[in-house]
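Heads up: the structure comes next, in structure tokens.
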Amino acid sequence: VLLGAERMTEGASNAFLKTLEEPPPRSIFFLLTAEPQNLSATVVSRCQRVLLSDEAENLEEPWLSATMALLEEPLPPGPIEALTGAARFRALMDDVKKDAAEQEKSFIQEEEEVPQDKEVREARIAARVRAVRSQVIRMIMLWRRDVLLACHGIEQRHLHFPEQADLIRSQAGNLSPADALKQVADTEDMARQLDRNIPDLNVCEADRLKMLGLGKVGGRRQG
């Protein structure tokens, strides 16, 4: 068990890779961190993420309702529906950016000592957008985790969104456990791409089309 895994230096991470790639027999490594974004990308690529947080979701309105509406949508039956869902995600992020800009404008008007430098204002807006976007992605991760648990028949009381248990089970009924696990991994990929400043729409389009591709491969169960 490695506590505070994000504190590994680059040298330590590189040295640890060999052990991760060729672990001793009958061994499982647990890398514990509250800051997964600070882990080495090469280390993360060799791990399976397990979300253990019991923290209450603190995403603000209206972003909470808008995100839940996206999550509650059924799996896209075709590419048009997939791209439409991606467009709604981009619209959500556009609204977040507009709100962040308005908040910064109001803050500057109220606090005369706040620097008026354009780069400072843009950095504050970008930080606000990243914070909300991170919470949105976390909600997506938690939802897909619940779908994965439902695929395995886990009891409702163990879900993060127990009040949406029927809808979650309905979505799980269209997926195999392997497909549900892949969706969790795809969410991690979304987070990494967004951290690399790939446009929101491109990232979400790719994610939604991956969901559709699972159906084409035959991952959805008939029932």
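Before moving on, here are some points about what is shown:
- For region 136-143, 3J(HN,Hα) per residue [Karplus equation, 6.51 cos²θ - 1.76 cosθ + 1.60, θ = phi - 60°, Hz, x = Gly/Pro]: 4, 5, 4, 5, 4, 4, 5, 5
- Estimated distance in nm for a label pair at LEU17 and ILE198, the labels positioned 7 Å out from Cα along Cα-to-Cβ: 2.0
- Apportionment of accessible area to carbon and sulfur, the chain, percent (1.4 Å): 53
- Here the Karplus relation 6.51 cos²θ - 1.76 cosθ + 1.60, evaluated at θ = phi - 60°, turns the backbone of region 76-90 into coupling constants of x, x, x, x, 5, 5, 5, 6, 5, x, 5, 5, 5, 5, 5 Hz, with x for every Gly and Pro.
- Considering only LEU59, LEU83, ASN174, the residue lying farthest towards the positive end of the dipole of the chain is ASN174, judged by Cα position with unit charges set on Cβ.
- Whole-number accessible area per residue in Å² for the chain, which is evaluated in the context of all protein chains at 1.4 Å: 61
- Residues whose amide H comes within less than 5 Å of that of LEU2, counting only those at least five positions distant or on another chain, are PHE30, LEU31, LEU32 (H built at 1.01 Å from N in the peptide plane).
- Qualifying GluC sites (Glu not before Pro) in region 150-217, DSSP loop, other Cβ atoms within 10 Å at most 13: GLU155
- Count, lysine Cα pairs under 20 Å in the chain, 8 or more residues apart or across chains: 6
- Linear extension gain, LYS210 paired with ALA34, 0.36 nm per residue minus alpha-carbon span: 60.5 nm
- Multiplying the residue separation of LYS105 and THR84 by 0.36 nm and subtracting their alpha-carbon distance yields 4.4 nm.
- Of the chymotrypsin sites (Phe, Trp or Tyr not before Pro) found in region 1-101, the ones in coil according to DSSP and having at most 13 other Cβ atoms within 10 Å of their Cβ are PHE30.
- Helices in the chain, meaning DSSP H runs of at least 4 residues, each add -39500 (n - 2.57). Divided by all residues, the mean residue ellipticity at 222 nm is -20500 deg cm²/dmol.
- Taking only the Cα atoms of the chain, the radius of gyration and Dmax are 19.6, 63 Å.
The values are calculated or read from the model by the stated rules, or taken from the named source; none is laboratory data. Here the structure is a predicted model, which is why all the values come from computation and not from measurement. We place every Cβ from the backbone using ideal geometry, glycine too, and count neighbours over all the protein chains shown. Heavy atoms of the whole protein, side chains included, go into the accessibility calculation; ligands, DNA and RNA do not. Shrake-Rupley method; radii C 1.70, N 1.55, O 1.52, S 1.80 Å.
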